[in-house]
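The values are calculated or read from the model by the stated rules, or taken from the named source; none is laboratory data. Here the structure is a predicted model, which is why all the values come from computation and not from measurement. A quick note on method: Cβ atoms are made from the backbone with ideal geometry, for glycine too, and the neighbour counts reach across all protein chains shown. What goes into the accessible areas is simple: the full protein's heavy atoms, side chains included, and nothing from ligands, DNA or RNA. Shrake-Rupley method; radii C 1.70, N 1.55, O 1.52, S 1.80 Å.
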Amino acid sequence: MTLPNIDTSDLTKFLIDLLNVPSPTGFTEDAITFVEKELSQFNQLELSRTRKGALVAKWVGKNDAEPVALTAHVDTLGAMVKDIKPNGRLQLTRIGGLVLNGVETEGCWVHTSKGEKIRGSYMLNKSAAHVYSTKVSETKRDEKAMEVRLDARVSNPQGTRELGIEVGDFVSFDPRVEATNGFIRSRHLDDKACVANIVSAIKSLTEAGQSPARSVYFHISNYEEVGHGASAGIPPEVHELVTVDMAAIGKGQSSDEYHTTICVKDSGGPYHHGLSNKLRALAEANGIDYKVDIYPFYGSDGEAFWRAGGDVSVALIGPGVDASHNYERTHIDALTATTNWIMAYLLSD
Ligand SMILES: [Zn+2]
């Protein structure tokens with residue numbers, strides 16, 4: 001059996017568009033709606049939302065073996081306004097494992113509770129080299145040492161509040177997406193790359209007139225970065241859950257930006273050996289070159305479901321992403337390999 005063709009320019013375009021929709025955890029409505037709109041063109045999918053706000057798409061399979069599920073998350077790192085400072089600037093509190101020096105000097109939006117967007121940038125409090133000299137490079141980056149400088153003429157808390165800004169407003173950082181020579185460089189490839197992989201697999205199978213062997217639920221999670229995304233929303237009849245999330249690259253890691261990876265162990269312990277082996281066999285049978293890896297500081301939505309009592313086998317696959325939770329980068333080869341692996345899984349009994 002040969003796998004359907006993937007339209008890589010379409011995959012890249014969808015990914016870039018999704019990356020440009022701000023979606024820090026807790027503020028994912030627009031990104032969920034964006035994915036929902038894309039999936040609504042496929043009449044065979046039954047779409048629904050969980051009460052928590054995740055998107056679920058069901059595709060009825062050709063046989064009546066036990067259903068399976070795949071999950072990927074649209075929520076990303078970000079921040080919220082912790083304090084409006086005496087100078088009118090904003091101290092932030094991080095959402096998820098945001099790396100502060102990774103977003104230093106980055107453009108950002110403050111999303112007010114009334115739906116307004118106010119522009120700014122995230123700066124070290126003492127960032128002027130001609131005033132603070134060597135302190136600028138020596139200061140330890142933490143939430144108190146950094147602030148949002150608003151692009152508005154405000155210099156006190158009252159002025160800032162008049163813009164509609166309040167404690168608790170969400171802050172999103174510019175993804176700064178670029179696609180060059182097959183590389184996609186952006187914040188938040190974790191895990192929008194894998195949402196794009198799932199959408200691309202659905203699209204490619206549909207265009208080839210193929211459908212999954214077993215019924216499948218696609219779960220687009222919205223609280224993964226804080227640890228409980230897929231703890232709800234996986235239907236009880238599901239027997240296998242394949243989490244699709246980025247592979248961690250670095251010293252001592254086997255993953256790279258050109259391959260898809262199966263993670264067999266992370267901070268939450270080993271994944272399901274049987275399901276992982278099934279995925280390895282499928283990759284080998286379909287000529288998908290993959291890596292096997294262990295991620296030292298990592299948790300996944302599959303584990304979130306396990307911790308919530310989910311009685312399923314869980315595995316984790318995904319494209320290699322360089323500089324995770326920082327200014328990330330991957331390559332189209334890793335993305336197509338991951339999409340192929342998803343399709344091989346969907347077509348398997
Ligand atoms: Zn992730």
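Assess whether SER276 counts as being open to solvent by 10 Å² or more (accessible area, probe 1.4 Å), away from the ligand (no atom under 16 Å from the Cβ), more than 24 Å from LEU77 (Cβ to Cβ) and over 21 Å from the mean Cα position of the chain (by Cα). When the stated conditions are applied, SER276 does not pass them.
Could you tell me whether the range 227-246 includes any residue that is modelled with pLDDT of 95 or more, at positive phi and more than 14 Å from the ligand (Cβ to nearest atom)? Give the steps one after another, and end with the answer.
The initial filter retains those residues of the range 227-246 that are modelled with pLDDT of 95 or more, namely 227-246.
In the following step, the residues that additionally are at positive phi were identified as 227, 233.
When the remaining residues are screened for being more than 14 Å from the ligand (Cβ to nearest atom), the result is 233.
Looking through the range 227-246, at least one residue is modelled with pLDDT of 95 or more, at positive phi and more than 14 Å from the ligand (Cβ to nearest atom).
For the range 174-184, filtering for residues that are buried (at least 18 other Cβ atoms within 10 Å of the Cβ) and outside any loop (DSSP other than H, G, I, E, B) leaves 1.
Could you tell me whether any residue of the range 282-305 is surrounded by 20 or more Cβ atoms within 10 Å (Cβ to Cβ), under 15 Å from the mean Cα position of the chain (by Cα) and away from the ligand (no atom under 14 Å from the Cβ)? Scanning the range 282-305 turns up no residue that is surrounded by 20 or more Cβ atoms within 10 Å (Cβ to Cβ), under 15 Å from the mean Cα position of the chain (by Cα) and away from the ligand (no atom under 14 Å from the Cβ).
Do we find that ALA208 is within 18 Å of LEU335 (Cα to Cα) and either under 17 Å from the mean Cα position of the chain (by Cα) or open to solvent by 20 Å² or more (accessible area, probe 1.4 Å) (or both) in this structure?
Values: within 18 Å of LEU335 (Cα to Cα): no; either under 17 Å from the mean Cα position of the chain (by Cα) or open to solvent by 20 Å² or more (accessible area, probe 1.4 Å) (or both): yes.
No.
Across the range 1-57, which residue is most open to solvent (accessible area, probe 1.4 Å) among those that are farther than 26 Å from ARG185 by Cβ and hydroxyl-bearing (Ser, Thr, Tyr)? Looking at residues that are farther than 26 Å from ARG185 by Cβ and hydroxyl-bearing (Ser, Thr, Tyr), I get THR2.
Which one is surrounded by the fewest Cβ atoms within 10 Å (Cβ to Cβ) among residues in the range 211-226 that are within 14 Å of the ligand (Cβ to nearest atom) and assigned to a strand (DSSP E or B)? Break it down stepwise before answering.
The first filter runs over the range 211-226 and keeps only residues within 14 Å of the ligand (Cβ to nearest atom), leaving 219-226.
Those still in the list that are assigned to a strand (DSSP E or B) too: 219-221.
Working: HIS219: 28, ILE220: 31, SER221: 34.
Within the range 211-226, the match that is surrounded by the fewest Cβ atoms within 10 Å (Cβ to Cβ) is HIS219.
Restricting ALA72, ALA79 to those that are within 26 Å of VAL177 (Cα to Cα), of a type outside the set (Val, Ile, Thr) and within 16 Å of the ligand (Cβ to nearest atom) reduces the list to ALA72. Scanning the range 108-127 for residues that are open to solvent by 80 Å² or more (accessible area, probe 1.4 Å) and either touching a Gly at 6+ places or on another chain (Cβ under 7 Å) or free of Cβ contacts under 8 Å to residues at least 40 places away in the same chain (or both) yields LYS114, GLU116, LYS117, LYS126. Restricting the search to the range 227-243, which residues are buried (at least 24 other Cβ atoms within 10 Å of the Cβ) and in contact with a helix residue (DSSP H, G or I) (Cβ under 7 Å, 6 or more places away or on another chain)? Residues satisfying the conditions are GLY229, ALA230, ILE234, LEU241, VAL242, THR243.
When the criteria are applied in full, GLY61 meets the requirement of being over 20 Å from the mean Cα position of the chain (by Cα) and under 21 Å from ILE234 (Cα atoms). Residues that are within 22 Å of VAL244 (Cα to Cα) and more than 13 Å from the ligand (Cβ to nearest atom) within the range 168-195 comprise PRO175, VAL177, ALA179, GLY182, PHE183, ILE184, ARG185, SER186, listed in sequence order. Going through (1) over 30 Å from SER211 (Cα atoms); (2) open to solvent by less than 10 Å² (accessible area, probe 1.4 Å); (3) in contact (Cβ under 8 Å) with a residue 60 or more places away in the chain one by one, GLY97 falls short only on (2).
Scanning the range 297-314 turns up at least one residue that is over 21 Å from GLY97 (Cα atoms), without any contact (Cβ under 8 Å) to a residue 24 or more places away in the chain and of a type outside the set (S, T, N, Q). Among the candidates SER267, SER254, the residue that is among the hydroxyl-bearing types (Ser, Thr, Tyr), open to solvent by 10 Å² or more (accessible area, probe 1.4 Å), farther than 18 Å from LEU70 by Cβ and more than 16 Å from the ligand (Cβ to nearest atom) is uniquely SER254.
Part of a helix (DSSP H, G or I), touching a residue at least 40 places away in the same chain (Cβ under 8 Å) and away from the ligand (no atom under 16 Å from the Cβ), is that true of ARG161? Considered against the rule, which asks whether it is part of a helix (DSSP H, G or I), touching a residue at least 40 places away in the same chain (Cβ under 8 Å) and away from the ligand (no atom under 16 Å from the Cβ), ARG161 comes out as yes.
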